[in-house]
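This is the structure I have questions about; it appears just below.
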Amino acid sequence: MSQIALRFAALGDAHRLKIIEILARGPCTVGDMHEEFSMTLPGLLKHLRKLESAALIRTKKLGRVVTCYLDSRNLQEAEDWIRLQYRFWNESLSRLEGVLEDESES
């Protein structure tokens, strides 16, 4: 699976999107983040591992405290891919609209 596909798969879950939203405000410990969710700690850790394997977040362990950080570079890559797709489809549909208008005038 490509890196971009891994990133979109990781973002395809409401809990993981909420984690991204939390980390967009700044680094956060796993303990503090756990308070934001109504799930078990192992459940949260599973979501964090998925985001980390997609390189969307980084974690740093200091003693027993694990702090999570957003990796905005890789989120930017996903945004760039979406913009490229939007531009492609927008231009394609505009050309199709022009062809259809030309045909209807004939």
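Quick check: Cα centre of the range 92-106 to Cα centre of the range 32-54, how many Å?
Here the answer is 49 Å between Cα centres.
Could you give the length gained by full extension between Lys61 and Gln85, i.e. 0.36 nm per residue of separation minus their alpha carbon distance, to one decimal place?
Extra length from Lys61 to Gln85 when fully extended: 4.9 nm.
Taking all protein chains in place and a 1.4 Å probe, what share, in percent, of the accessible surface of the chain do carbon and sulfur account for?
Working: 4170 of 7500 Å².
It is 56 percent, rounded to a whole number.
For the chain, build the charge dipole from Cβ charges (+1 Lys, Arg; -1 Asp, Glu) around the Cα centre, then report which of Gly26, Thr67, Phe88 sits farthest towards its positive end.
Working it through, the farthest residue towards the positive pole turns out to be Thr67.
Are there any trypsin sites (Lys or Arg not before Pro) in the range 38-106 that are in a DSSP loop and have at most 10 other Cβ atoms within 10 Å? List them by number.
Arg64
Then there's this: Could you tell me which label, among (i) 14.1; (ii) 15.2; (iii) 15.9, carries the value of Kirkwood radius over Cα pairs in Å calculated for this structure?
Computing Kirkwood radius over Cα pairs in Å and matching it to (i) 14.1; (ii) 15.2; (iii) 15.9 gives (iii).
Remind me, relative contact order of the range 15-82 in percent, using alpha carbon pairs under 8 angstrom and six or more residues apart?
Taking the mean separation of contacting Cα pairs over the length of the range 15-82, I get 36 percent.
List the lysines whose alpha-carbon lies under 16 Å from that of Lys50, not counting same-chain residues fewer than 8 positions away?
Excluding near neighbours in sequence, the set is Lys18, Lys60.
In the range 47-80, whose amide N lies under 16 Å from the spot 7 Å out along Cα-to-Cβ of Arg25? List them in ranges.
Counting backbone N atoms under 16 Å from the label point, the list is 68-70.
Treating the beta-carbon of each Lys and Arg as +1 and of each Asp and Glu as -1, no other charges, what is the dipole magnitude of the chain about its Cα centre, to the nearest 20 debye? Numbers along the way, then the final one.
Values: 15 positive and 16 negative charges, 241 e Å.
That gives a dipole near 1160 debye.
Right, here's the next one. Counting heavy atoms of the protein chains only and a 1.4 Å probe, report the per residue accessible area for the range 1-70 as a whole number of Å². Walk me through the intermediate numbers first.
Values: 4290 Å² over 70 residues.
Per residue, the range 1-70 has an accessible area of 61 Å².
The values are calculated or read from the model by the stated rules, or taken from the named source; none is laboratory data. Just so it is clear, the model here is predicted, and its values are computed rather than measured. Counting neighbours? That spans all protein chains shown, and the Cβs are built from the backbone with ideal geometry, glycine included. The protein model used for the area step is the full one, side chains on, heavy atoms only, and it has no ligands, DNA or RNA in it. Shrake-Rupley method; radii C 1.70, N 1.55, O 1.52, S 1.80 Å.
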